[in-house]
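Reading through the structure tokens given below for one structure.
The values are calculated or read from the model by the stated rules, or taken from the named source; none is laboratory data. What you see is a predicted model; the values in this text were computed from it and never measured. Glycine gets a Cβ as well: all are built from the backbone with ideal geometry, and neighbour counts include every protein chain shown. Heavy atoms of the whole protein, side chains included, go into the accessibility calculation; ligands, DNA and RNA do not. Shrake-Rupley method; radii C 1.70, N 1.55, O 1.52, S 1.80 Å.
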Amino acid sequence: DIGDYDAVVSNTAGSATSLKARLVVGQLPLITHQPTDLNTTAGQNVVFMVGAVGSQPINYQWQKDGVNVTGHDMFTITKHMRQFDSESRKWLQDASGGWSYLTPAGVLIRRSVPTDLNASVWADPSQILGLNFLIVRDVKASNEGSYRCQINNSLGAATSQNAALAVTSAIIVQASPN
């Protein structure tokens, strides 16, 4: 029961009242979905995902090799807007109020940019609700490293496991064999 409490202690000599103390009930962030290692070829897009529950609001900060990541697409899908679905689109909303949609092939279109998730997402979009995404587009060798997510709310913090990103160069055939 959230509120301000004090204690009154008394005996035959009198009574004393303590200072007030505030009781706050909530939940620390708890990671429910860990990011996984990824292997890709240079020029491809990769998607890291993490999920957490806890008292809202929950904040996510992705890191690469222990340094905060900036300049990449990071968002949390919060709602499936079923009332707008059609045979070719399932509509979703992110934490900032932005709209995106899924195609039957499991491609998420957000800000006109496609991201391949998985065809199973089309059958059950609820499996991505609450997940926070980090999308690294047009991967380069410099993107290789260890990724993790720092998750916090007003009660505390949690850190995801590390997920390695390995990048290989695309094979370029310069001459055909004889």
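General observations
- In region 89-97, the condition of being in a loop (DSSP other than H, G, I, E, B), touching a residue at least 40 places away in the same chain (Cβ under 8 Å), out of contact with any Cys (no Cβ under 8 Å at 6 or more places or on another chain) and farther than 23 Å from G145 by Cα is met by no residue.
- Residue list for region 109-118, restricted to those being touching a Gly at 6+ places or on another chain (Cβ under 9 Å), open to solvent by 60 Å² or more (accessible area, probe 1.4 Å) and over 13 Å from F75 (Cα atoms): D116, N118
- Index of the failed condition, E144 passing every other in (1) touching a strand residue (DSSP E or B) at 6+ places or on another chain (Cβ under 6 Å); (2) at pLDDT below 95: (2)
- Considering only residues in region 60-75 that are among the aliphatic types (A, V, I, L, M) and closer than 23 Å to L108 by Cα, the one that is most open to solvent (accessible area, probe 1.4 Å) turns out to be M74.
- Summed over region 114-160, the residues that are closer than 16 Å to P35 by Cα, outside any strand (DSSP E or B) and in contact with a Pro (Cβ under 7 Å, 6 or more places away or on another chain) give a count of 1.
- Strands (runs of 3 or more DSSP E) enclosed by region 1-85 - at least 1 residues per element that are at positive phi: 3-5, 14-17
- Within the set S142, S146, S169, the sole residue that is surrounded by fewer than 16 Cβ atoms within 10 Å (Cβ to Cβ), under 24 Å from N59 (Cα atoms) and of a type outside the set (D, E, K, R) turns out to be S146.
- Among (1) under 29 Å from I171 (Cβ atoms); (2) open to solvent by less than 30 Å² (accessible area, probe 1.4 Å); (3) in contact with a strand residue (DSSP E or B) (Cβ under 6 Å, 6 or more places away or on another chain); (4) not basic (K, R), the one test that G106 misses: (3)
- Only a single criterion out of (1) within 14 Å of the chain's Cα centre (by Cα); (2) surrounded by 14 or more Cβ atoms within 10 Å (Cβ to Cβ) is not satisfied by P57, namely (2).
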